[in-house]
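Undergrad: Next up is a structure, given as structure tokens.
The values are calculated or read from the model by the stated rules, or taken from the named source; none is laboratory data. Source: prediction; values computed, not measured. As a convention, Cβ positions derive from the backbone with ideal geometry for all residues, glycine included, and neighbour counts pool all protein chains shown.
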Amino acid sequence: MKILVTGAKGQLGNKIEQVLGKIHDLVLTDYDNMDITDIEAVRQVVSTEKPHYIIHAAAYTKVDKAEEEIELCRKINSLGTKNIATVAKEFGAHLIYISTDFVFDGLNSTKNGPRNKPYKETDIAKPISIYGLTKYEGEEFIRKICDKHYIIRVAWLFGELPKDQTGLNKGTNFVEIMLRLAKERSQEKDIEKAVLKVVDDQIGSPTYTGDLVNVLAKIISETPEYGTYHFSGTDESSWHDFAKEIFKQTGTKANLKPVSSKEYPQKAKRPSYSHLDKTKIESALKIKVRSWKKMLEEYIKGR
Ligand SMILES: NC(=O)c1ccc[n+]([C@@H]2O[C@H](COP(=O)([O-])OP(=O)(O)OC[C@H]3O[C@@H](n4cnc5c(N)ncnc54)[C@H](OP(=O)(O)O)[C@@H]3O)[C@@H](O)[C@H]2O)c1
């Protein structure tokens, strides 16, 4: 099967190359050889390559910076995705779009306060950040333009990072950020500055790129019903729980302290609850999703 990947030099693209590259003919594209905001560039590559599938993983992913770079974020996530959907439709390719739990607001619609029930695909999206909004606009373009689509909403993604020319990690993820901060803070003499504060009132579920790529492989080989699916690790977690488990599994000493979102203000709002319900994907692909802690173990073992 010929598969064109957008955002191939990103975190997920890197894992797609490692895993799907062994079983499929991949056309790897990124900003430098196919800018998704340029529809003629997209048309030119797709018309030459004629892929059976397009995995659209390219995105503007700087959640906080997006609150300032609104137009750039919308150009990439919303209009770039419209371009991909338009060209996928023109050339009859199946389209898989990677979306996000940040399309939800995390609030309980009937009572005041945070939600506590995992989000199903039928729940109404109400993004509260520019990143979440533009990813949702991308979803809507796909639903309107390209009938042969899969929209896979994932959450808190971590996985092996691509390397730059000097062999260093390109980009980062929460696991790597926590391990770097723990190392830096352990050298702090000032006790106050040595503390690592992580929010404990945003609840979700981390996802390993390896598990996600296995799901993508199954979708490609089995073509289940088109539509929107949720995928992430099972079991709920706060960012603080996630950090604690990272330090436990790596045997890292850290002076970790839970704080509320109010005590740790960020430019972009995040949903206080965004755990995704995986019933639909489990039944469509006949899989049993594993816990995020097991996913983390595999990542830690391989790094
Ligand atoms: N990371 C998460 O926690 C998370 C959570 C939920 C969903 N997702 C979604 O999962 C997907 C993969 O995420 P990721 O972590 O792999 O992101 P990533 O590491 O930031 O990779 C995104 C890639 O897209 C490229 N890109 C940006 N603008 C482009 C353009 N105009 N044309 C072509 N390529 C462009 C980036 O290139 P440059 O680096 O050169 O800009 C980068 O290589 C994204 O769609 C994201 O929205 C991520």
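Undergrad: Quick check on region 133-147: of everything there that is among the acidic types (Asp, Glu) and either within 16 Å of the ligand (Cβ to nearest atom) or at pLDDT below 95 (or both), which residue is nearest to residue 7 (Cα to Cα)?
TA: 139
Undergrad: Further question: Every residue in region 167-184 that is within 14 Å of the ligand (Cβ to nearest atom) and not charged (D, E, K, R), please.
TA: 169, 171, 172, 173, 174, 175, 177, 178
Undergrad: For region 120-132, how many residues are away from the ligand (no atom under 11 Å from the Cβ) and touching a residue at least 40 places away in the same chain (Cβ under 8 Å)?
TA: The number of residues fulfilling the criteria is 5.
Undergrad: Is at least one residue of region 102-112 small (Gly, Ala, Ser) and surrounded by 15 or more Cβ atoms within 10 Å (Cβ to Cβ)?
TA: Yes, the conditions are met somewhere in region 102-112.
Undergrad: With region 215-303 as the region, which helices (runs of 4 or more DSSP H) entirely inside it contain at least 2 residues that are without any contact (Cβ under 8 Å) to a residue 24 or more places away in the chain and over 21 Å from residue 194 (Cα atoms)?
TA: By residue number, 279-285.
Undergrad: I'm told residue 197 meets every condition in (1) in contact (Cβ under 8 Å) with a residue 60 or more places away in the chain; (2) within 13 Å of the ligand (Cβ to nearest atom) except one. Can you identify the failing condition by its number?
TA: Tallying (1) in contact (Cβ under 8 Å) with a residue 60 or more places away in the chain; (2) within 13 Å of the ligand (Cβ to nearest atom), residue 197 fails exactly one: (2).
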